[in-house]
Structure formats: structure tokens, C-alpha cells
Amino acid sequence: MKYLLLTTAFAFTSLATGRAETPLMHASARGVLSLNGRWQVIVDPYDNGYVNYRLERFDAADKSAAGGKGGYFLDHKPADPSELVEYDFDRSPSLNVPGDWNSQSERLYYYEGTLWYRRQFDFAPRSADARQFLHFGGANYEADVYLNGTKLGRHVGGFTPFQFEVTGKLRAAGNSLVVRVNNQRHPEGVPGVNTDWWNYGGLTRDVTLLETPATYVRDYALQLQPGPEHHVRGSVQLAGPAKAQAVRIELPGLNIVVAAVADASGLATFEFSLPGAELWAPEHPRLYELVLTAGADRLSEMVGFRTIETRGSEILLNGRPLFLRGISLHEENPLRGGRATTAAEARLLLGWARDLGCNYVRLAHYPHNEYMARVADEMGILLWVEVPVYWTIQWDNPATYANAENQLTELITRDRNRASIIIWSMANETPILPARTAFLKKLAAHTRELDPTRLISAAMEVHADPMDPNTKIVEDPLAEVTDVVSFNQYIGWYVGVPDDCTKIHWVVPYNKPVIISEFGADALQGFHASRLTRFSEEFQADLYRQTLPMLEKIPQLRGMSPWILCDFRSPRRALPNIQDGWNRKGLIGENGTRKQAFFVLQEFYARKAAEADAR
Ligand code: GCU
């Protein structure tokens, strides 16, 4: 099956998410005012700013129900000095945005609830007909957004961007942006109530005011056609009052200029050839500047051209067989124990992966910030990305499915122009039940409709042959619709001991590429003992030494992303003086120090790289 490139599908989507949201645009190319920095905050564990004592929403459409008042926290100053004031942003503490609240305040370490943010700012539009949008890179888990006392809308989902048009709603001075963020877990949520990662709450990603001309480039797609001709088909979607107009597509580095015309719906399609283009690959992550012009709008991005496909059990990048030398990664900076939010932190983490010898990273278990894929494009690191359909989800709940589909749509819309991304993953360690399989097959179909140019997978589970515990079977109806068969296995940690690896026989009855999406063991960095002593570096290193040859016996093995690059915080990991709230499966400790197992895997990847070069 042949997949293409650069980017994207032709299925432009308008995101029917929270109220008043407008479709996402390529924010990093349009920011005019960063709203990052110190925001005043009010901790509101009983949601007093959101509901009255009868639990009626202050911002409900039917104002009469809640006495017609806006939330207490809408930053209004009482006209009458005798009025009771109990919440005052001006007298409240502040936190950094972007950033989770848990790692910024001891009091908020375990906090799960509502926290109100307030940012004041001045703004003068560039021109009378310009349009302004408030863009949030993400907020965990739900966000209600108010500007100058008026509700803009709401977003649910902790890891994907959202935005609201604010044209005509801004003041030259003294704008008040108030955001309610609540990170409480819900059984119907995505993820559900149980995860092996820290439930970091807050405005965890950049907040930016974007500006565009009245008619602007809302989205675009470029798709390299199969075959040696390097032929490209593409489309641009305009939004605004003057949709039917000329569109110019340029790749200055290749001396390519293409003219197209958008129809009444704002859609322009075009084709061109890419003679002499250097394809993007880990060894040479060639990026080209893409410039899209439509009337007064000009959008510029760096893009790479590559193909990704499967043929039988092979993964082919630009037509050549590939072995994915990977590692898994949470969106966390272990050196400060909080959500990673910046390009610098993306470089730190992906740099450590490159030092390990990786050409591939699994961004677990939710969409990471936008910098990760952009830095991976620059560094030449292939990516598996996923939505947090994790462990236990309400498979029968239509709202849960809609939430999962929306998060996936927002992820694909944001990142489908990133050459580094090759795999969209549907789920992690979910049970083989009819409702779950129907849920995930529907999600996979939606993904393929949005983006037929990339591979689809999911981290599935292993089952033991009831007649022989040493025979491990990977068999899942979901594998009928995935391009790659991926699974997590913990032989030697959760199942038996590392010495069992030599006895294992694998049954993976698919003529498809196999990726081991997880394996590993905990080790406290600096704790040394015999290889049989759990939580020692020696035990972890021995597990890697014994696991790698066991996995190489799988004939369809085409990659792996062991669990995990760095130790990470988890409320489920409590062993005193060993875990202390950290999952210790990292190859790098929370102090940035490499464990013995890091070097075991590094040596294995050096061999795999040499084998690939020799092919
Ligand atoms: C699971 C799960 C991870 C978890 C890991 C572990 O496979 O996918 O999220 O952290 O195992 O138990 O450490």
C-alpha cells in the first residue's frame, strides 16, 4: 500500500468542537502577540466561579437560572464600594503560562479541580479589516474562555489546540482574558480516570493572539504522488468574504511557483512536479520553505517531502526498507518534573533520543505540543503520535467517541504538514471487546479519511497460549485495519523474570510490519545490585540484554519503542526511596543521568544502523 508525503489529506475539516470555535490555522506562522507570561490565578476547588450554590451555571444560556450574574471571577470591579468582594484577581497570586500548575506550587502538586486564570493586555489591530483569533496550544482538561466579561466558548480535551475569533471584541487597552481550566478526571473522558502519568492541569501550552487579513489561508495540503516523477497534487482552503480568488504556491528553494484559483467555497487545487528535490529522511532531513499567498495573506512554513508505505511486512521510507530504532517519550521535562512546553525542551528530549541512536520516537500517550513535531522535522526523527484512548474508555458512550474523534481531528489538522509523523495511533492497551473494536475501527476509518497518506497502528496486547505459557500470541481484530501490528510486552518485569526470555515463542499471524511499542523495567538511577535484584540498574540492563534477541526472533519485526526515555511522574508509583511518585522505567533518571540499560540499547541500535547501511 503506497502512502505519500508531505502532507496531507484533502479532507479539510471544520472543527465542530466547543461553541464559537473557528477552524484551526497554522498558528506558529501567524502569531502577532504572545500572551505567555505571568497570569493571575484563583484556585477554586468548589467551582464557585462557575456555578451557584444550586449548581446552576453562571454562564448558562438561560441567565435567569443563575441570577443573571456572570461568574464571580469575570474580573469585573464592583461599581458600589459597599458590594461584597471575595475574589479579586488583582490581589491574587500568579503562575507561568504555558505551564502546568502542579509543578509550580507545592499546594497544587496533587490538585485536581478548577483554577481560574486572568491575563490583561492591550492590542491595536494592524488594519481595519484584519481579523483576530485567540489561539490556545492546549489546556488540560477542559477550558471555558471569557473575554472582557463575555464567554467565547469551551473546549474539552487536554492536549490539542483550539481557538476563538475575537475580531471586533478587543479594546485598545485593558482587555481582560479569563480562562477556567478544570483537570478533573471523568469516566466518560478521553483518557478515563486511570492513567500511568501525572494529571498535569492548566494552560500547559502557548497562548497567542493571531491576526489575518479578512480572507486568509485556513488550511492547505500537498501530496507527493507515487512513482519516481516526484509529482505533487495539492490544495489550499481559504476562509473569509472573498473566497474565490487567485492563490500562489511557491517553493523558492526549488524555483517552483504555481498559480491556482479558489472556487466559491475557497478551495483551490493544483498539481506540479518536484524535479531535483531532495526527499526528507532521518539521514538528511531536508526542509523547504513553502509560501502560500492569497490576496493580502501570506503563510510561510518549512516542509519536507517523503513517502511512507508498507509492502508485506516491510516499512518503506522513500521506497527503502526501514528499521525503526525508537524510544517512547512522555511530554515531561524530568529535570524539573513538569509538562514540557518549549522548543528548547523538545530539542533536549529529542536530542537525548538521538544520542541513544534513535531514528524514531513514540510520543506517548496523547498529542504532544506543536514544537515536538517541528523539531523532529528539523532533526530527522520519525514519529508515532497518538490520542489518549488509553486502557479503560467508555466504548459504548457516543460522547466519548465524539471526544476521541475530535481530539484526533485536531491533532491531524495541526500536524499533517509534518514530514516526521509517519504513524497515527488509535489506542493503548485496550481490551478485545466488540464495543472497543467497533469504536477503534470507526476511529481508524475517520483517520484514513482525514489523512490517507500515513500509517495507522495501535499499541495492542499480548496473550499467552493457555496450553503453553511460553507461547505468546498477538491476535487482535483491530489488526485487520491497522497498517502496522504493534504491541506492548513486559516479559521479565510484570510477567516472570528476564531469564524467561530465552524460552519464549512468538505467534504474530499477520503479514504486516511489527513494532514493539513497549517493553522495559524500573531501575532507580544509581542503585546497584545483582542482575536479579529488581529496581537495580543491573536488573534493567539484563532485561534489555535478554529481551532484544528474543524480539529479533519475530520475522516481521521492523521497529521498537522501549518504555521509556526518561523517568516520569506517576501517582501510581509509590514505593518509598525507590519510586517516590516516579515511574522508573526511564533509560535516563530524573536527574538526566543515563542508566546502564541506556548503553545496552545504544549498542544494539548502532548494530541495527550498521546493518541498514550495509543493505
Ligand atoms: C503500560 C502503559 C504505560 C505504563 C507502562 C508501565 O504498558 O502503556 O503507560 O507507564 O506500561 O507499566 O510502566
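The values are calculated or read from the model by the stated rules, or taken from the named source; none is laboratory data. Since the structure is predicted, the reported quantities are computational estimates derived from the model, not experimental observations. For neighbour counting, all protein chains shown are included, and Cβ atoms are generated from backbone atoms with ideal geometry for every residue, glycine included. Ligands, DNA and RNA are excluded from the accessible area calculation, which covers all protein heavy atoms including side chains. Shrake-Rupley method; radii C 1.70, N 1.55, O 1.52, S 1.80 Å.
Remarks
- Per the Debye formula on identical point scatterers at the alpha carbon atoms of the chain, with no solvent, log10 I(q)/I(0) at q = 0.06 Å⁻¹ is -0.33.
- In Å², nearest 10: area of Asp129 left accessible to a 1.4 Å probe: 90 Å²
- In range of the label at Phe121: residues from segment 138-154 whose backbone nitrogen is under 15 Å from the point 7 Å along Cα→Cβ: 138, 145-148
- Translational diffusion of segment 477-605, µm² s⁻¹ [Kirkwood Rh, Cα pairs; Stokes-Einstein; 37 °C; 0.692 mPa s]: 215 µm²/s
- With all projection directions averaged, the alpha carbon convex hull of segment 124-176 covers 3.8 nm².
- Shown are Val261, Val507, whose ranking by accessible area with a 1.4 Å probe and every protein chain present, most to least, is Val261, Val507.
- FRET efficiency estimate (nearest 0.05) - Cβ-Cβ, Tyr46 to Ala402, R0 35 angstrom: 0.75
- Antiparallel DSSP beta bridges within segment 495-615, as percent of all bridges there, nearest 5: 40 percent
- Per residue, the solvent-accessible area of the chain (1.4 Å probe, heavy atoms of protein chains only, all protein chains present) comes to 37 Å².
- Rg over Rh [alpha-carbon atoms, Kirkwood Rh] for segment 288-341: 1.20
- Surface/4 of the Cα convex hull for segment 176-246, nm²: 10.5 nm²
- Heavy-atom SASA rank of His186, His135 (probe 1.4 Å, accessible area, largest first): His186, His135
- Dividing the alpha-carbon radius of gyration of segment 538-590 by the rule-of-thumb value 2.2 N^0.38 Å gives 1.38.
- Summed side-chain charge close to Leu33 - residues other than Leu33 whose Cβ falls under 13 Å, Lys, Arg +1, Asp, Glu -1: 0
- Over 19 Å (Cα to Cα) - which of Lys472/Lys512; Lys553/Lys608; Lys441/Lys553; Lys472/Lys553; Lys512/Lys553 fall in this group: Lys441/Lys553
- In the frame of its principal axes, segment 316-475 has Cα extents of 45, 40, 40 Å, reported largest first.
- Segment 442-518: proportion of alpha-carbon pairs further apart than 16 angstrom, %: 55 percent
- DSSP beta bridges fully contained in the chain are about 75 percent antiparallel.
- Sites Gln225 and Asp80 - FRET efficiency at Förster radius 60 Å, r taken between beta-carbons, to 0.05: 0.30
- The accessible-area ordering, largest first, of the residues Lys595, Lys503 stands as Lys503, Lys595, per a 1.4 angstrom probe.
- At 1.567 mPa s and 4 °C, Stokes D of segment 199-280 from Kirkwood alpha-carbon radius, µm² per second: 86 µm²/s
- For segment 250-308, radius of gyration divided by Kirkwood radius, i.e. Rg to Rh on alpha-carbons: 1.02
- Dimensionless Rg over Rh [segment 31-210; C-alpha; Kirkwood]: 0.96
- Order by protection proxy (mean Cβ within 10 Å, highest first), peptides 148-154, 389-395, 322-328: 322-328, 389-395, 148-154
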